[in-house]
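The values are calculated or read from the model by the stated rules, or taken from the named source; none is laboratory data. All values reported here derive from a predicted model rather than from experimental measurement. Neighbour counts run over all protein chains shown; Cβ positions are idealised from the backbone, glycine included.
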Amino acid sequence: MIEAIRQFGPWVAWSLVLVFSTRLDGLFCGLETGIYVMNKNRLDLHAAAGLPAAKFFRRMLASPDRLLATLLIGTNLTRYLATFAISAMFVLAGYEEQAEWLTLAIATPLLLVAADSVPKTVFQRLPIESIYRLSWLLRASGWLFRVTGLGPLVIAISRGLMNLAGPARRVKTALGHTGVAAMVTEGRASGVLTHFQWVMADRVMHISEVTVADAMVPMRHVVTVPYSAGRDELLEIIGRYSYSRLPAMDDGGRVVGILNIYDVLTDAAGRAGESEPPQAKMPPPLVIPAELTVTEALYRMRRA
């Protein structure tokens, strides 16, 4: 019995080391991808709400050199441990001379698939709450690497190499359309924006796709005034509606001008019958092609 334990004990021990190190390697690789694709807007909202894991990840993202050093050291140490375990088992099996090549043949596909590709694919699709549950791993490993000096050493080496390479040129770019759209969508999903606010923001985001033909009111629904109407008739029409400007139509049904109702209401001379009709002061209508976008139409209207 004791002899059996002596014979199979090392196999069991190294097998457990291999499984543990491969699993830990997969967690480090998966966390790297999970943090990279993590929704930063939702992370900020959760951190603002006081969620400890979210606050921790936001602090880590604020110091990327520390985060990358922790992930880099963790990945390399666990892979070295897994490779050493495989090599030790080949030595136990009597293949000491061929252990190096056999370990390379076994460890490369094993670690590439089980500890790299699969975890990264899985973590890419995990919800952010699942990433939060693994904050303990980064906390513990970060503390361990900092206490042992590995973390500061890696950070110092990387900063030294960056300084030798010269200062990086940083180009500040404004938040693009896609980024703003993502923030609006996330705001609605998290409850920060009401449905009405989301609808308004969504319309603003897509206003460049709207043409004048999409937004204009059909002529049959437009309130108009006859070009030949007198002041009393104009006052009667103005009193029925709350519009400040009304298109004036000639006898042929064409728009010949835009009437400003304040020209009628403030015309003291007109009340005494001593001035020319308000239609004489009307500016000509601005004609805009129906296929023009709303933003371009607003620009032309402002310049007119």
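Annotation: Leu246 fulfils all but one of (1) within 45 Å of the chain's Cα centre (by Cα); (2) surrounded by fewer than 15 Cβ atoms within 10 Å (Cβ to Cβ); (3) hydrophobic (A, V, I, L, M, F, W, C); the unmet one is (2). Figure legend. Inter-residue proximity from the stretch 89-101: first residues more than 14 Å from Trp11 (Cβ to Cβ), second residues in a helix (DSSP H, G or I) and not aliphatic (A, V, I, L, M), beta-carbon distance below 6 Å, spacing 6+ or different chains. Indicated pairs: Ala99/Ser87; Ala99/Phe90. Scanning the stretch 215-233 for residues that are assigned to a helix (DSSP H, G or I) and touching a residue at least 12 places away in the same chain (Cβ under 8 Å), we see that the one that is surrounded by the fewest Cβ atoms within 10 Å (Cβ to Cβ) is Ala215.
Looking only at the stretch 200-214, count how many residues are surrounded by 14 or more Cβ atoms within 10 Å (Cβ to Cβ) and at pLDDT 85 or above.
From the stretch 200-214, those surrounded by 14 or more Cβ atoms within 10 Å (Cβ to Cβ) are 201-202, 205, 210-212; that's our starting set.
This time we only want the ones that are at pLDDT 85 or above, so: 210-212.
Matching residues across the stretch 200-214 total 3.
Quick check: anything in the stretch 68-76 in contact (Cβ under 8 Å) with a residue 12 or more places away in the chain, among the polar types (S, T, N, Q), part of a helix (DSSP H, G or I) and in contact with an Asp or Glu (Cβ under 7 Å, 6 or more places away or on another chain)? Checked against the condition, which is being in contact (Cβ under 8 Å) with a residue 12 or more places away in the chain, among the polar types (S, T, N, Q), part of a helix (DSSP H, G or I) and in contact with an Asp or Glu (Cβ under 7 Å, 6 or more places away or on another chain), the stretch 68-76 yields at least one hit. Inside the stretch 60-78, residues that are closer than 17 Å to Thr22 by Cα and not polar (S, T, N, Q) make up a count of 5.
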